[in-house]
Each structure stands twice: as C-alpha cells, then as structure tokens.
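See below for the structure under consideration.
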Amino acid sequence: MLSDPIVALATPPGRSAVALLRLSGRGVFAIARRTLSPWRPDPPRTVFRARLSAPDGAPIDDVLAVAFPGPHSYTGEDVVEISTHGGLVTPAEAMAALTAAGARPAEAGEFTRRAVLNGKMDLLQAEATADLIDAGAPAQRRRALSQLDRGLSRRLESLRGQILELEGLTAYEIDFPEEDDGPVPPERVVAAWGGVREGVAELLGTAGEGERLREGALLVIAGPPNAGKSTLFNALLGSERAIVTEVPGTTRDAIEAPAVIAGFPFRLVDTAGLRDTEDRIEKLGIEVSRKYLGAADLVLYCDEGGGRGEPSQALQSGLSAPVVVVQTKSDLTNRLTTNRLTVSAVTGAGLADLKAELARVAFGKLIALGDVEPVVTRARHRQALETALRELDLFKEARDGGVEAVAAATHLRAATLALDALIGAVTPDDVLDRVFSSFCVGK
C-alpha cells in the first residue's frame with residue numbers, strides 16, 4: 001500500500017479567486033512545516049493563515065491551510081489542504097515548492113484510491129465520487145449522491161448476506177450427510193434461492209437505463225427533409241447549433257450535441273432527411289443517419305403533417321429503439337393532427353410536453369423507482385451481477401440434477417465473490433487502475 005507523500009492541485013487551473021492544493025501521506029506534516037510559516041497542526045481541522053515559501057525561503061503567497069491528522073481524513077492518512085490565490089503562476093509555484101520539499105505529484109485518482117485502500121470508502125462510493133464530479137444533469141447528480149451514500153452498497157451487502165444464508169443451509173447437508181432429508185426442508189432452500197435470485201435479477205434489470213443515465217441517452221431526430229428536425233434540434237438544445245433553411249436537404253451530415261431534457265442527460269443527433277435521392281453527398285448523409293438510427297436509444301420522428309407516409313416506411317425495418325412521433329410546425333394550424341404530440345419549435349408550444357415524454361420513454365423505469373432505490377450505472381456493475389445470477393442458476397440446476405451439495409455450493413461461493421469484487425472487498429490492481437484512470441488528479 002502506497003503511503004508516500006503526494007500533492008496535487010484540486011481545483012482547475014486558470015484564472016480564479018482561489019486555488020486548492022492537497023497533500024496526503026506519511027510525512028506531509030513535515031513538508032508543511034518546511035514550507036508554511038507558521039505551521040499549526042493543533043487544533044486539527046482548523047483553518048489558519050500562513051506564508052507559503054519555497055524550501056530556499058523565497059516567499060510565494062499568503063495562504064489559508066488546515067491539517068487533517070489520519071485516520072480522520074478523506075484518505076485515512078495525514079492530509080494538508082492549502083488555499084492559495086488563483087491564477088496560473090501562484091498555484092504552479094506552490095506545487096513546485098511542495099514537490100521540492102518532498103512530495104511527489106499525485107497520479108489520477110490517487111487520493112480516492114488511497115481512501116478505498118484505507119477503508120474510508122468502498123469501490124462503489126469511489127465510482128460515485130467520479131460520477132458526481134462528472135454529472136451534467138440533475139438526475140445524474142442525484143443518482144451519484146445516492147450511491148455515494150452507500151445506497152447501492154447496502155443493497156449488494158444485503159444480497160451477499162442472503163447468498164451466505166443459502167450457503168449456510170447447504171453447508172448443513174455437507175456436514176451431516178447421513179441425514180436422509182436433513183434438518184433443513186428442501187422447500188426452505190428453494191425459497192431462499194428464489195428470494196436472492198429475484199433480488200439480483202431486479203437490480204440487474206436497472207442496468208440498461210442506469211448505464212444510459214451515466215452516458216446520456218442517444219436521441220436521434222429523424223424524418224423526411226424539411227420536417228423541422230433541425231429547428232426542433234436547436235429548440236431542445238437551447239442554442240442555434242444546426243443550420244436551418246426552408247430548402248429540403250440542408251442538413252447533409254449528422255450533428256451531435258449534449259443536452260439536459262427534463263433533468264435527464266441526452267445526446268441529441270440531428271440527421272439528414274430520409275428520402276430517395278440521386279445526390280451523392282446527400283446519400284452519404286442519409287447513410288450516416290441510418291447508422292445513428294441503428295445505435296439509438298430513442299428516435300424522435302418528425303412529421304410536419306403533410307401526409308408523407310408512416311414512420312415505419314421512412315425508418316425501414318431493423319430499428320430496435322422506441323420511436324416517439326411528433327408533429328412539428330404546430331403554429332401552422334391547418335396541418336394539426338389531434339392524435340399525436342404536437343410542437344412548434346418557433347413558438348415553444350408543446351415543447352414541455354415533448355420533453356416530458358422523451359424523459360419518460362428513455363428513463364421511465366428510473367423515474368418509477370425514484371431516487372431511493374439503488375441503480376446499476378456501469379458495465380462493471382452489470383457484468384458482476386450477471387456472473388452472480390448465472391452462478392445462482394447453476395446452483396439450482398446442480399441441486400435439481402442431484403449433484404452433491406459440496407459441489408453445488410461452489411456456485412454460491414462464486415456468486416458471493418462476484419458481489420465482493422463489485423463492492424471492492426476483493427479487487428485486483430488492474431480493476432482499480434481502470435476505475436481510477438478516469439479521475440481528475442486532485443481527487
């Protein structure tokens with residue numbers, strides 16, 4: 001376990017009022033004593049003013065500092081936080097001074113990695129920390145905060161406990177093989193297996209929308225030329241990103257941009273109008289549109305009400321994503337159709353209803369669950385739960401097939417290990433490397 005002193009800038013570089021530098025590890029108090037005057041570690045967790053100087057005595061800045069003796073700190077080690085004036089020069093010189101005094105520059109996510117290794121948080125909480133920093137939509141922030149509060153960890157610990165209970169019931173049969181039926185009725189084992197399997201399957205069922213929440217739902221806006229796709233794209237985005245003209249075929253290539261709709265993250269894609277054409281450039285744009293449609297989480301089909309066919313005809317077959325049909329240009333009242341969502345990107349009429357419908361279709365399960373129930377948000381989570389579920393099923397198959405209890409129980413042990421790896425109780429270094437490689441350096 002690494003415990004050497006590390007230092008990093010915890011705030012973004014650039015012009016600002018304040019910059020925060022963080023040190024952690026064995027010997028950071030000695031480094032602070034060499035660079036801060038006065039150095040006041042007592043009382044701990046109390047801010048004091050000091051002069052930050054280089055090891056050769058050259059003054060750098062007047063700062064605010066605070067000492068966090070381990071284990072009562074973020075990392076579980078001795079920690080010092082120093083607030084300097086912002087900008088490019090002062091924080092850089094402060095970093096250079098602290099490095100010269102004995103600290104080394106931290107690697108990406110090293111502070112949080114040490115927190116995990118020192119038992120201050122589990123791996124799911126560490127991932128939630130990164131998700132909270134990266135959150136671009138309120139729903140992402142709420143979900144990350146729930147996971148940081150151990151909502152998902154507690155659910156997994158409960159499921160792990162149920163598997164261990166089931167393993168305990170099976171162990172009695174291993175320890176007392178002479179009993180004909182054993183003291184544990186078979187139906188009790190089946191009931192225990194069914195309960196834990198249902199819990200794992202329910203949690204795994206949130207993976208689709210959970211991963212979509214973290215990455216942003218890919219919303220592809222499609223339809224015939226001049227159906228108002230680009231105008232609606234701009235309206236949903238809240239800025240003039242796509243070129244809009246009355247000339248059909250203006251959009252020749254797909255345009256992608258992130259957006260927050262009804263509090264949820266989306267990746268909007270404006271595509272070329274779908275039609276038969278001999279124009280070589282427009283054909284290439286339509287081919288790109290088809291590729292986006294194949295990868296879409298949700299398709300918003302625009303129809304201006306001109307009677308140019310059903311969406312299925314334009315989208316063709318093989319589309320797996322749900323389709324929301326909206327009639328655009330509702331300000332042109334002579335084209336309104338009462339049995340469809342209608343919107344005017346020009347006046348904004350119907351836009352709120354459309355946004356609510358898009359959020360419902362893309363994230364309906366998460367909306368129904370609310371912010372209380374835990375949700376799986378990463379492929380790593382999903383893969384571990386799939387392993388646990390598969391091992392539980394293999395245990396049941398082995399029991400039904402007359403396999404000896406000692407052999408069947410190995411599947412329960414494998415299911416437990418899958419959940420342990422998910423929480424971080426047993427996690428190889430390469431998994432930790434992947435998790436923390438996406439962190440900012442100062443975290």
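Before moving on, here are some points about what is shown:
- Put simply, of V184, V200 the only residue that is open to solvent by less than 60 Å² (accessible area, probe 1.4 Å) and at pLDDT 85 or above is V200.
- Qualifying residue in the stretch 20-37 (condition: touching a strand residue (DSSP E or B) at 6+ places or on another chain (Cβ under 6 Å), open to solvent by 40 Å² or more (accessible area, probe 1.4 Å) and not hydrophobic (A, V, I, L, M, F, W, C)): yes
- Reported count of residues in the stretch 298-322, each being in contact with a helix residue (DSSP H, G or I) (Cβ under 6 Å, 6 or more places away or on another chain) and modelled with pLDDT of 80 or more, is 4.
- Test result for G216, open to solvent by 40 Å² or more (accessible area, probe 1.4 Å), of a type outside the set (A, V, I, L, M, F, W, C), within 30 Å of A296 (Cα to Cα) and at pLDDT 75 or above: no
- Matching entry among E386, E391, E397 (being of a type in the set (D, E), in a helix (DSSP H, G or I) and open to solvent by less than 50 Å² (accessible area, probe 1.4 Å)): E391
- Test: A139 is at pLDDT below 95 and either part of a helix (DSSP H, G or I) or open to solvent by 60 Å² or more (accessible area, probe 1.4 Å) (or both): no
- Flag for L354 being more than 30 Å from S153 (Cβ to Cβ), open to solvent by less than 30 Å² (accessible area, probe 1.4 Å), modelled with pLDDT of 85 or more and not charged (D, E, K, R): yes
- Subset tally (residues that are in a loop (DSSP other than H, G, I, E, B), over 32 Å from the mean Cα position of the chain (by Cα) and not small (G, A, S)) for the stretch 65-111: 0
- Selection over the stretch 129-166 of residues that are small (G, A, S) and under 15 Å from L366 (Cβ atoms) gives a count of 6.
- Test result for V80, modelled with pLDDT of 95 or more and open to solvent by less than 10 Å² (accessible area, probe 1.4 Å): yes
- Each residue in the stretch 83-100 was checked for being open to solvent by 10 Å² or more (accessible area, probe 1.4 Å) and either of a type in the set (F, W, Y) or closer than 19 Å to F29 by Cβ (or both), and 4 of them qualify.
- Residues in the stretch 69-91 that are farther than 21 Å from D42 by Cβ and free of Cβ contacts under 8 Å to residues at least 40 places away in the same chain: V89 alone.
- Flag for A106 being in contact (Cβ under 8 Å) with a residue 24 or more places away in the chain, of a type in the set (G, A, S) and closer than 22 Å to L2 by Cβ: yes
The values are calculated or read from the model by the stated rules, or taken from the named source; none is laboratory data. In this text the structure is predicted, and so the values were computed from the model without any measurement. A quick note on method: Cβ atoms are made from the backbone with ideal geometry, for glycine too, and the neighbour counts reach across all protein chains shown. To get the accessible areas, we keep the full protein, side chains included, count just its heavy atoms, and leave off ligands, DNA and RNA. Shrake-Rupley method; radii C 1.70, N 1.55, O 1.52, S 1.80 Å.
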